[in-house]
1. So B:Val255 fits all but one of (1) within 14 Å of chain C (Cβ to nearest Cβ); (2) touching a Pro at 6+ places or on another chain (Cβ under 7 Å); (3) not hydroxyl-bearing (Ser, Thr, Tyr); what number is the exception?
2. Going through B:Lys367, B:Lys427, B:Lys403 one at a time, which residue ends up being among the basic types (Lys, Arg) and either closer than 25 Å to B:Val158 by Cα or at pLDDT below 95 (or both)?
3. Based on this model, can you work out whether C:Lys186 counts as more than 13 Å from the chain's Cα centre (by Cα) and over 25 Å from A:Leu379 (Cβ atoms)?
4. Given the criteria within 11 Å of chain A (Cβ to nearest Cβ), more than 16 Å from ligand 3 (Cβ to nearest atom) and on the phi > 0 side of the Ramachandran plot, does C:Gly177 qualify?
5. Considering only residues of segment B:37-59 that are in contact with a strand residue (DSSP E or B) (Cβ under 8 Å, 6 or more places away or on another chain) and away from ligand 1 (no atom under 16 Å from the Cβ), which is farthest from the other protein chains (Cβ to nearest Cβ)?
6. Only one residue in C:Ser125, C:Ser83 is at pLDDT 95 or above, within 16 Å of ligand 2 (Cβ to nearest atom), in the same structural domain as C:Glu36 (by TED's automatic domain parsing) and closer than 27 Å to C:His376 by Cα, so which one is that?
7. What number goes with the only condition from (1) within 7 Å of chain C (Cβ to nearest Cβ); (2) more than 10 Å from ligand 2 (Cβ to nearest atom); (3) not acidic (Asp, Glu); (4) not in a helix (DSSP H, G or I) that B:Pro66 does not pass?
8. Could you list all residues from segment B:298-355 that are away from ligand 2 (no atom under 16 Å from the Cβ) and β-branched (Val, Ile, Thr)?
Amino acid sequence: MIMNNDNFLQNLTKICGSRNISREPKDLEEYSKDLSFLKGKSPLCIVWPSKSQEVIKIVKLANDLKFHVIPVSLNSRFKQHGNSIPRKDKSIILNLSRMNKILSINRKNRVVMVEPGVTFEKLIPILKKEGLKLLLPVMPTASQSVLATALEREPITIPRYHWDSSDPLLCIEVVFGTGDLFRTGTAAGPGTIKQQQKMGQAQVNPMGPTQFSPFRIIQGAQGSLGVVTWATLKLELFPSIQKVYHLQSDNIQDLLDLQYELLKYRLCDELFILNDVNLACLLKEDQQEISQLVGNLERWNLIFIISGRGPLANDKISYLEGDIDDISAELGLNFSKSKVEITDKEIFHFLNEPCENPWRMRLKGAYQDMFFLTSFEKLPKFISLMETKFEKDLGIYIQPINQGTSYHIEFDLLYDPKDINEMKSIKEKNMGVRAQLMDFGAFFSKPYGLWAKDVFSHHSLEIIDALKKVKKIFDPNNVLNPGVLCFDD
Amino acid sequence: MEEEEYQKMIKRCVRCSVCKWIPQVQIKSQKYASGCPAIDIYNFHPYSGGGKIIIALAYEMGRIKPTEELRDIVYKCTACGNCAVACKYMNTLEPLEIIMKLREKLVNTGCGPMPQQQAYIEAVKKVNNPYNEPHEKRTDWIPDDVTLDPNAKILYFVGCTSSYRRKEMAIATARIMNEAGVSFNILQNDEFCCGSPILRIGDTTTFEEILNKNLDIIESRGIETVVFSCAGCYDTFKVDYPLSRKFDFEVKHTVELFDELIESEQLKLTDNVPIIVTYHDPCHLGRNAERYEDWDGDVVPLMPLVSINIPPKPKRTGSKGIYDAPRKILKKIPGLKLLEMERIQEYAYCCGAGAGVKSAFPEMALKTANMRIEEAEDSGADFLVSACPFCSTNLQDGINDKKSKLKYFDISEILLMALGLEPEKLKQATAEVL
Amino acid sequence: MLKEEILKEFQKIVGDENIDDGEVTTNTYAYNWCVEFVNYLANKDPIPFSSIPKAIILPSTTEEVQKIVQLCNKYDIQFKAQSTGLGPWNQPSTDNCVILDLRRMNKIVKIDVKNLYVVVEPYVSGAQIQVEVMKFGLNIHMPGAGPMASALASHTSMCGPGFTSPQTGHSARNVLGTEWVLPTGKILRLGSLGLKKESDWYSGDGPGPSLRGIMRGWVGTKSGLGVFTRVAMKLFPYPCNTKYIAKGHSPLYDFHLPDFIRAYLLDCRNFKHLEKSLLRIEEEEIAFICSHMSSFAVMAIFSYSLESLMDKIAIGSMKKPLVIVIAARTKREFDYKQKVMNLIMDELNLTNIIGSKYEPKSLFYAECLRANLGYHGFIATGGFQSAKGQCDTAALCLNTERKNIPLKQKYIEKGVIANDFGEGAWMTSYESGHYFHMEVPTLFDQTNAESVKGIAEYMEESNQMDLVKHLGTPFFIEGDELHDEWGPHLMNYHIWLRKIKETFDPNGISDPGFYISSKKGDV
Ligand SMILES: Cc1cc2nc3c(=O)[nH]c(=O)nc-3n(C[C@H](O)[C@H](O)[C@H](O)COP(=O)(O)OP(=O)(O)OC[C@H]3O[C@@H](n4cnc5c(N)ncnc54)[C@H](O)[C@@H]3O)c2cc1C
Ligand code: SF4
Ligand code: SF4
């Protein structure tokens, strides 16, 4: 069938209802760009489906009429990485924010099932009431999609609960690029979800069905292989007592060595390292307060939490304290006390609550982030490289992931969007430095936007070839989010 | 092993490969985790103990024929018995016995043994020793100063290897017994091969003749105890002979005797022997020297598919080998330090010489020895000590081949030093390692 | 046998001594555990021999594997890779297949202490890795099969449950960088290993989607999609001090217990009580081992022979047994964990049978630490295989167990499988109770034709029950026939799986017998 404006819109309207489609120039304009330096095309329209059946129909229609579908889970205000703005003509935005039901909360099996439109703001308090804790990235934005965050393999702040790089994502329901509906892991069956639940199942095993685990290829695909319509996420129990450790040092190696031991023996929950700038941005909202705090913090800050729950919570805390003291003594480490008072409450706040506006914007109004994975030994090398390139307004966040088998390191280049020169300089340096990082062995496991091409050029052809084969299987007509990753090269 | 049991057992291998390793709970390093020289060298599964059980089954089912390929695989095995210990840690199969039975079958069809092995069978038949040495030279090792007692109730069965190839062991043994005042005799020209090399390659008919000849002679002399310095002869007398013919005399390896003599202070260890040694457990003195215990209980069906033995049938697990005696001796020697290798006792790694391998597959014997030497070196010792002339020969070949700094001594030679009977040897040996 | 000229080409790759197409060797490799009932299920003669491989090849490097695979493509010969090679899934499904026995690829490539992983080749056993990483206070996940099995095979290609799963998870979830010779002979290096510069093993995902998703699922592709030559696997803290000393002699070694380890044997009243106990203990994150098994199985894990199994009557009549092992590095940790156990036992009205009615041998602890409990499954009849294998919540596992008992009893009554009162099951927690798996070890006699037939039929009926009653997917749904049967009930997954096979193995060279073939049944 040949696509023309009429049959295309008519069909979409039939599927979603006219109230769920927009061609408002303002909307189209908004979805054609984000906070990255990537220039997108204007979409044909924005569609807000309300159930998977509609998503199926839309994707099938896209295959028939040959238009592209860019799935997005949230409204685009704070989108950063250029991964959900149209790169091709004839694209529509599939906005899943109206699929925002919490489908089930299961305390017994520590799992929640959510649609893509469920935000952190909505989910966190509801779970807390049930004594459940969502595994969070460091202070997510309130309006951010919980599901999309997990789909992007965003690192979580409790590395000991990060049993697999895919956590906390478990099972998903997905509409492949062909328009076929699929459920992964134990959600695949036998039986419908209802029938499974009747037998006691809660879709907590992400592996399978049988001899493949398709959720892994949907995760990290930036919407280019399938549209996820719900997911189950792994939860933990909310502790009743928590104790904050905030250790500061000028020497990052000391902090790295200590966090290694803590993680090796699984002694703490939240665990990460921030530089002065990023910690200040997390603690304060006001520019001046941030600047002031930066001046009073040591360069490196290790934050970790120990916790206990139930009648023996205090016993647990004292066992952990004792073990941690022994380890610190063994390492012979001495850390400086903070020159300013940072209360536990302030730290809990950014660990447990989302923020209205992205915290990385607080100091200068805008930022570009560079994050990649690397190993323990290489962290200092990357830090020195970046510190020679960016003397100021550089936020750094180091997150051990996957139970300490690798490290997410993030450099946030903070800048003033109104300062054209600064912006230009950041833009220029951005690409150059990335290339250098890659030459040093930075593993950009989530290649976004403009730099995806560069990332793939640093990888063997076999990986690209294999990914393209996978794309051909699940989205043979290149309907979903064309241009991302390596699929269009 | 009886034919009926064999037929049943060859269907039961689970191919778990446990028999390629030492018992799992004894593994201490990646390097020294394996237990089977044959699989270590030849790699294909049929070379392992379990692999040979499958071969036995395939052979019985007519899937494979008695060919040279089959013969080579079945004989590239030192019959060290690690597979049997490892399997019976939890399972109940007898890979070593199955290998022996399989060899017997190959001999009976004319497919086995290897030509070199056939040659030594002929030699034994002709001159009573596998080395094809003149029978009359068997006693040449005896030095003038050794005292024998024609009326002794203790017989020292010297064995072919000590008589012809490792005379130092025979001499040391005799001297120690003299020193302790133990009166003993030897069979002189009436000593013949014990039959071990013949049995281990599957010629059970010839073996049977030999054992009867030997037992007839010994029994006719009113001997109460037979002492062996050769682990192979000892194992054959102790474990294999009684399966065909029971006898009344006691069998003892020299390490057992020496240990007793030290305990009773008939031997006094006077001299300092300031060396660091490690001890290699010979398969025939260790795991394989465990006797079959008589059992005439009942197999009682407990429920469909499950029957149990009442009373429980003793399992030969290697636990009753002679492990403590040699260690006790070494530990009592003044100044001597004993360091253990990783694989010891019932899970010791073989020296590589046994069951006709040294003659038919010298390269396999040498490779195995080299691996064992490396382990001895890694123990931190300067001296490698054992209690078997066969191990002695092969391990010394390994030391030479590998150009190892280790020095090999039989435990009796070390004892001589401690008794002050070999001061020169001790001096020279310590000088060499230092 | 291979054609002379093809044999020569293979010889050129690995050397004459590392390929064997002789009758004895190929027949030996045709044999495996459980092949007799797999044959029965495929309407073949129920003997323990499969199709005979054309030859056995022993490559020693990834490059050799690659060349072999390329040659297989050239001559249209299938291959089957095996590591330690236990089980029918190692068997060629046709006469046109060579076996790659990876025994010579036996190196620990690297122990990365700081990044808590180890990189190994196929023929390094779990025990070999454990003893080396223990030197750094670390531990490796081992499957229930035991420490003699290949860790690489378990992580890349097989199943993955293990007795220590509460603390060490599931093999499939512990995989990092992976080197993979695809069925076409191309070498795919996953994640950070695929970097052109400074490649390293710490991640197996990306860039972008994780190809671990096609590499394996809940179970592996069992050599149906290429050969894994090296893999990085996560390491875990060793649960207590690392002195591991077993004195005495086989089999009853006297194990010197590390300072802080303790076992609990609890008897729950019924399935509900058991579920509650499992969840309660696991959410406290204290267990090193947390397994439910039948009384019969409990007797077996404490026994070293059939005869000694029978004298464990004290524990032979438990209702719903639960075995917990806690271990700790420090006294503080140990005291805390024991306190928690006491609290829970009070709360749930449970008593520890160990220390009151029964005391296990010290060897039990040695086997817990070395993951050697699974092998006890062979004690009773010498033959054993597990039915089921579903994995999700504790409730699903227990429902499955409950519904399975009458079915199993039916076969016990026929006398074709051994009598464990129908209750024989093993269930373990993973990742501190985030999910559970259960399987039903079933004892049969592989030398008894009726028993072989019986277990095969029981397995089939058990699968049917799971399908119809929505009890999750068992382990052994593999091969075209079962995929085609189950696919339509599981979102037509078989179509996608088949497309993966077709795409990555266009010539159908990687033996599809225990995976899927591209040819049949596409919808
Ligand atoms: C007593 C007992 C208990 C068991 N319990 C468990 C359990 O608790 N959990 C569990 O997971 N399993 C269990 N099993 C099954 C077990 O996983 C397998 O039998 C065992 O892992 C054998 O695998 P292996 O390591 O010897 O690997 P192999 O047998 O060598 O390989 C397993 C499969 O992977 C393929 N394969 C191997 N290496 C490669 C490679 N390099 N590339 C591609 N394909 C390859 C093989 O073709 C085969 O299909 C148990 C088995 C027994 C006997
Ligand atoms: S002989 Fe014993 S240990 Fe060896 S593979 Fe067979 S069952 Fe396993
Ligand atoms: S007897 Fe020794 S060499 Fe022979 S198969 Fe058994 S372990 Fe291997």
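The values are calculated or read from the model by the stated rules, or taken from the named source; none is laboratory data. Computed from a predicted model, the values in this text were never measured in an experiment. Neighbour counts are summed over all protein chains in view; Cβ atoms, including those assigned to glycine, are modelled from backbone coordinates with ideal geometry.
1. With respect to (1) within 14 Å of chain C (Cβ to nearest Cβ); (2) touching a Pro at 6+ places or on another chain (Cβ under 7 Å); (3) not hydroxyl-bearing (Ser, Thr, Tyr), B:Val255 is out only on (1).
2. On the way: B:Lys367 fails: either closer than 25 Å to B:Val158 by Cα or at pLDDT below 95 (or both); B:Lys403 fails: either closer than 25 Å to B:Val158 by Cα or at pLDDT below 95 (or both).
Of B:Lys367, B:Lys427, B:Lys403, the one residue that is among the basic types (Lys, Arg) and either closer than 25 Å to B:Val158 by Cα or at pLDDT below 95 (or both) is B:Lys427.
3. Answer is yes for this residue.
4. In short, no.
5. That would be B:Asp40.
6. C:Ser83 is the lone residue from the list that is at pLDDT 95 or above, within 16 Å of ligand 2 (Cβ to nearest atom), in the same structural domain as C:Glu36 (by TED's automatic domain parsing) and closer than 27 Å to C:His376 by Cα.
7. (1)
8. Once the filter is applied, which keeps residues that are away from ligand 2 (no atom under 16 Å from the Cβ) and β-branched (Val, Ile, Thr), segment B:298-355 yields B:Val299, B:Val300, B:Val306, B:Ile308, B:Ile310, B:Ile322, B:Ile329, B:Ile333, B:Ile344.
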